[in-house]
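The values are calculated or read from the model by the stated rules, or taken from the named source; none is laboratory data. Since the model is a prediction, treat every value here as computed from it, not as a measurement. Positions of Cβ are backbone-derived with ideal geometry, glycine not excepted, and every protein chain shown enters the neighbour counts. Remember, those area values only see protein heavy atoms, side chains included, never the ligands or the DNA or RNA. Shrake-Rupley method; radii C 1.70, N 1.55, O 1.52, S 1.80 Å.
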Amino acid sequence: MELPFAESWKIKMVEPIRKSTRQEREQWLKEAHYNVFQLKSEQVYIDLITDSGTGAMSDRQWAGIMLGDESYAGASSFFKLKEVITRLTGFEYVIPTHQGRAAENVLFSYLVHEGDIIPGNSHFDTTKGHIESRKAIALDCTIDEARQTQLEIPFKGNVDPAKLEKALQEHHSRIPFIIVTITNNTAGGQPVSMQNLREVRNIADKYNKPVIFDSARFAENAYFIKTREEGYQDKSIKEITKEMFALADGMTMSAKKDGIVNMGGFIATRRQDWYEGAKGFCVQFEGYLTYGGMNGRDMNALAIGLDENTKFNNLETRIRQIEYLAKKLDEYGIPYQRPAGGHAIFVDAPKVLTHVPKEEFPAQTLTVELYLEAGIRGCEIGYLLADRDPVTRENRFNGLDLLRLAIPRRVYTDNHMNVIAAALKNVYDRRETITRGVRITWEAPLMRHFTVQLERL
Ligand SMILES: *Cc1c(COP(=O)(O)O)cnc(C)c1O
């Protein structure tokens, strides 16, 4: 008999979690204004709001915590981190920051100016926020196929080279750089192929523009290249990683994702001029250059996490768990962005709640229903997250409207996946009875989804 697949780790420490009653959840959610970001974590049974900073560190990483060097300047933990980043990416200059958006803030303070246009593949919300707050434009050049959730293609996160080239022809002088998000979070954790990264590089070279990778899930992207792209089966994740970054000038990183730390981020680049230009903003916003926004111990844990998470077994364990959940949803006929992405399942809410009009936010409504059903906290990646158009102030209904079930790294077991799938099936089975959604009663001008207040209709 062939041995079944199992995790490449065993559990050394556990954290209790607690179930609740439907009545309790009704009350808590009302108090939270139907925004799951406003819930307390104790009010949640299985927390899928994000895979960011919620992973379980390894015993090696915890050991690294004890060895952290907290010196203000020149800490050995910084040099350890820098050495790993340079080894993995080839980038010589490293600026640590407290998380990914801080890396964006520091680098974009130098690179982005009013009136600029930044083409890329589905900019992440904080990336878009840091571009739009500087009165610049984030221009989405993702392939059209990414919007068809039921279409199964291997690299649905790709940049459309024709859209990118058109942008460069029309707006050449206004474009400071191209940004490619690996994996493409907003499109559903969908990977970008090496072939596509190469095409982007060629176009960038033709128009003499630099390329930045928003790299939060670069290791998962490398896993998909290894398992899906011709010619990479026999290469190691570290070899693929190196080859990917050879096609970029620099990167911003939320280390809370593929670094498997609870807090952290960095900028890395091969360009001395970017380093020189950005470093003053690091000192201004984050801290001195050898710690940025991080503790020495956290830089140690990150150095170890980056090394661990660029090993095949670790990534295989993670991504097969996402696939396990996806197979369950297939059994129940629940539509999600196909194929399953690297860090999450993205349920296609308008295809489930067909009676809820877009003006009443179907994905947010589904998020509310899933929480009420079983205390499972997902996250809307849809019309709320899309914010309003900065010029017209209209809601942006032109993208996807998804319920994201983000799976933290090394945290839940497949039994939890079974509970998630069953809860979603229960909501799915009564979908015809859900005819109304939610209405906004208060919202912030930018990144409203974190603090928006809603009422049920
Ligand atoms: C999480 C994330 C960011 C922002 O990072 P934070 O650590 O949350 O500040 C940027 N880009 C992508 C693709 C992300 O997933």
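Looking across region 1-43 at every residue that is among the β-branched types (V, I, T) and closer than 17 Å to R409 by Cα, the one that is surrounded by the fewest Cβ atoms within 10 Å (Cβ to Cβ) is identified as V14.
Just give me the residues in region 108-118 being of a type outside the set (G, A, S) and within 16 Å of the ligand (Cβ to nearest atom), in sequence order.
F108, L111, V112, I118
As a summary of the residue check, F108 satisfies the conditions (1) open to solvent by less than 20 Å² (accessible area, probe 1.4 Å); (2) in contact (Cβ under 8 Å) with a residue 24 or more places away in the chain; (3) in contact with a strand residue (DSSP E or B) (Cβ under 7 Å, 6 or more places away or on another chain) except for the one numbered (3).
Quick check: anything in region 311-330 free of Cβ contacts under 8 Å to residues at least 12 places away in the same chain and not acidic (D, E)?
Scanning region 311-330 turns up at least one residue that is free of Cβ contacts under 8 Å to residues at least 12 places away in the same chain and not acidic (D, E).
Which members of region 399-441 meet the condition of being open to solvent by 70 Å² or more (accessible area, probe 1.4 Å), over 16 Å from A374 (Cβ atoms) and without any contact (Cβ under 8 Å) to a residue 60 or more places away in the chain? Residue satisfying the conditions is T433 alone. Taking every residue in region 79-91 that is over 15 Å from L67 (Cβ atoms) and at pLDDT below 95 and pairing it with any residue that is open to solvent by less than 10 Å² (accessible area, probe 1.4 Å) and basic (K, R), at least 6 positions away or on another chain, yields no pair with a Cβ-Cβ distance below 6 Å.
Residue-wise test of (1) open to solvent by 50 Å² or more (accessible area, probe 1.4 Å); (2) more than 12 Å from the ligand (Cβ to nearest atom).
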site	(1), (2)
D47	no, yes
M57	no, yes
M66	yes, yes
S76	yes, yes
I85	no, yes
A102	no, no
H123	no, no
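Selection over region 139-162 of residues that are open to solvent by 20 Å² or more (accessible area, probe 1.4 Å) and within 14 Å of the ligand (Cβ to nearest atom) gives a count of 1.
A single member of T365, T392 is farther than 26 Å from K256 by Cβ and part of a helix (DSSP H, G or I), and it is T365. Here the condition is being away from the ligand (no atom under 16 Å from the Cβ), of a type outside the set (D, E) and over 19 Å from P161 (Cβ atoms); of Q233, Q195, it holds for Q233 alone.
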